[in-house]
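Peer 1: Input: one structure, supplied below.
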Amino acid sequence: MSPTANPALIDDLVIANHILVNEGVLDGFGHISVRHDQQPDRFLIARSMAPGLVTADDIVACDLDGSVHDERGRKTYVERFIHSEIYRVRPDVMAVIHSHSPAVIPFGVTGARLRPICHMSGFLGAQVPVFEIRHTAGEASDLLIRNQALGKALAADLGQQAVALLRGHGNVVVGFSIQQVVFRAIYTESNARLQSEAMRLGEINYLTPGEAQATSDMNDEHLGRPWEVWKKRALQNRV
């Protein structure tokens, strides 16, 4: 029998699903996972369902090949390979989010590149890479990361970055904890909205690489502050 994950970790994963829906990052689609605290070659994720309805009973485990390990034989999301291949090549990553965050989509399909515009989004780095699925799947795919080969290609384009865009599809965000990855996902969406607005006004003075790193490090020291606000708000609005 596999070691049981810390119940507190599962609780955080559940509320993270609700936070991301409440803050407009996820809707009926998208998913968040966390690396298993007892088995680093596995991760925890909800069964295939709307994230706003996830409970602790809905959490299943997957290995780094994308195989589901669940005593009840339940299935998880078809795009679990986003998570498995990133965990495989990034031992520093403890949590992964895939969303269709609406304000971000335009930056994956135009020449405009997503870059940090304010101190809350320094984790974006100099600019965010864009994964082009056509390079791996050809020109007739459904854009979903539905196998290991596509997950591996996405993980390679993500590299050591915190965020990568998926052209015409959404984005992936990684972090060293559930709290950090939720922070990053929410402020990726926020930065995209601000950048789109600023681009209509004129030339943008983006953060320098040094400013991006410094602000990212600073915000990592205060992740608990927004987390508690988002958590309270999500609990009040829980379906």
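Peer 1: Please work out which one of (1) assigned to a helix (DSSP H, G or I); (2) among the small types (Gly, Ala, Ser); (3) open to solvent by 30 Å² or more (accessible area, probe 1.4 Å); (4) in contact (Cβ under 8 Å) with a residue 60 or more places away in the chain is the condition residue 121 fails and give its number.
Peer 2: Against the list (1) assigned to a helix (DSSP H, G or I); (2) among the small types (Gly, Ala, Ser); (3) open to solvent by 30 Å² or more (accessible area, probe 1.4 Å); (4) in contact (Cβ under 8 Å) with a residue 60 or more places away in the chain, residue 121 comes up short only on (3).
Peer 1: Still on this model: List the residue pairs whose Cβ atoms are under 7 Å apart, where the first residue sits in region 135-164 and is at positive phi, the second is loosely packed, with under 15 Cβ neighbours inside 10 Å and in a loop (DSSP other than H, G, I, E, B), and the two are 6 or more positions apart or on different chains.
Peer 2: 143/168
Peer 1: Also, I was wondering about something else. Answer yes or no as to whether residue 65 is open to solvent by 50 Å² or more (accessible area, probe 1.4 Å), among the acidic types (Asp, Glu) and in contact (Cβ under 8 Å) with a residue 60 or more places away in the chain.
Peer 2: Working: open to solvent by 50 Å² or more (accessible area, probe 1.4 Å): yes; among the acidic types (Asp, Glu): yes; in contact (Cβ under 8 Å) with a residue 60 or more places away in the chain: yes.
So residue 65 fits the description; yes.
Peer 1: Report the residue count in region 58-93 for those that are of a type in the set (A, V, I, L, M) and over 15 Å from residue 152 (Cβ atoms). Please lay out each step first, then the result.
Peer 2: From region 58-93, those of a type in the set (A, V, I, L, M) are 59-61, 64, 68, 78, 82, 86, 89, 93; that's our starting set.
Okay, now just the ones that are also over 15 Å from residue 152 (Cβ atoms), so 59-61, 68, 78.
Looking only at that region, the number is 5.
Peer 1: State all residues of region 173-189 that are touching a Leu at 6+ places or on another chain (Cβ under 8 Å) and not β-branched (Val, Ile, Thr); if no residue qualifies, say none. Full working, then the answer.
Peer 2: Filtering region 173-189 down to residues touching a Leu at 6+ places or on another chain (Cβ under 8 Å) leaves 174, 177-180, 182-183, 185-186, 188.
Selection gives 177, 179, 180, 183, 185.
Peer 1: For residue 107, indicate whether it is touching a strand residue (DSSP E or B) at 6+ places or on another chain (Cβ under 8 Å), of a type outside the set (Ser, Thr, Tyr) and touching a residue at least 60 places away in the same chain (Cβ under 8 Å).
Peer 2: Values: touching a strand residue (DSSP E or B) at 6+ places or on another chain (Cβ under 8 Å): yes; of a type outside the set (Ser, Thr, Tyr): yes; touching a residue at least 60 places away in the same chain (Cβ under 8 Å): yes.
Yes; evaluated as a whole, the condition is true for this residue.
Peer 1: Let me ask you something else. Check region 92-101 and report whether any residue there is within 16 Å of residue 47 (Cβ to Cβ), buried (at least 22 other Cβ atoms within 10 Å of the Cβ), in contact (Cβ under 8 Å) with a residue 24 or more places away in the chain and not hydroxyl-bearing (Ser, Thr, Tyr). Quick ask: steps written out before the conclusion?
Peer 2: Start the filter on region 92-101 by keeping residues that are within 16 Å of residue 47 (Cβ to Cβ), which leaves 98.
Next, only the ones that are buried (at least 22 other Cβ atoms within 10 Å of the Cβ) stay: 98.
Keeping just the survivors that are in contact (Cβ under 8 Å) with a residue 24 or more places away in the chain gives 98.
The next check asks that each one be not hydroxyl-bearing (Ser, Thr, Tyr); those that pass are 98.
Looking for residues that are within 16 Å of residue 47 (Cβ to Cβ), buried (at least 22 other Cβ atoms within 10 Å of the Cβ), in contact (Cβ under 8 Å) with a residue 24 or more places away in the chain and not hydroxyl-bearing (Ser, Thr, Tyr), one finds at least one in region 92-101, hence yes.
Peer 1: Sticking with this one: Does residue 136 fit the bill of being farther than 26 Å from residue 10 by Cα, part of a helix (DSSP H, G or I) and β-branched (Val, Ile, Thr)? It would help to see each step written out before you state the result.
Peer 2: Details: farther than 26 Å from residue 10 by Cα: yes; part of a helix (DSSP H, G or I): yes; β-branched (Val, Ile, Thr): yes.
Yes.
Peer 1: Among the listed residues 26, 44, identify the single one that is in contact with a strand residue (DSSP E or B) (Cβ under 6 Å, 6 or more places away or on another chain), within 16 Å of residue 72 (Cα to Cα), open to solvent by less than 20 Å² (accessible area, probe 1.4 Å) and modelled with pLDDT of 95 or more.
Peer 2: 44
Peer 1: Output the number of residues of region 74-90 satisfying the condition of being assigned to a loop (DSSP other than H, G, I, E, B), open to solvent by less than 60 Å² (accessible area, probe 1.4 Å) and without any contact (Cβ under 8 Å) to a residue 60 or more places away in the chain.
Peer 2: 2
Peer 1: Something else now. Name the helices (runs of 4 or more DSSP H) wholly inside region 148-239 in which the number of residues that are under 20 Å from residue 127 (Cα atoms) is 3 or more.
Peer 2: Values: elements: 148-158, 178-201, 209-220, 224-237.
Of the helices (runs of 4 or more DSSP H) lying wholly inside region 148-239, those with at least 3 residues that are under 20 Å from residue 127 (Cα atoms) span 148-158, 178-201, 209-220.
Peer 1: While we're looking at this one, here's another question. Filter region 1-21 for residues that are touching a strand residue (DSSP E or B) at 6+ places or on another chain (Cβ under 9 Å) and more than 21 Å from residue 52 (Cβ to Cβ); which is least open to solvent (accessible area, probe 1.4 Å)?
Peer 2: 5
Peer 1: If you don't mind, there's one more thing I want to ask. For region 177-209, what are the residues that are open to solvent by less than 50 Å² (accessible area, probe 1.4 Å) and without any contact (Cβ under 8 Å) to a residue 60 or more places away in the chain?
Peer 2: 183, 202
The values are calculated or read from the model by the stated rules, or taken from the named source; none is laboratory data. If you're wondering where the values come from, they're calculated on a predicted model, not measured in any experiment. So basically every Cβ, Gly included, is an ideal-geometry build from the backbone, and we count neighbours across all protein chains shown. The accessibility values were calculated without ligands, DNA or RNA, using every heavy atom of the protein model including side chains. Shrake-Rupley method; radii C 1.70, N 1.55, O 1.52, S 1.80 Å.
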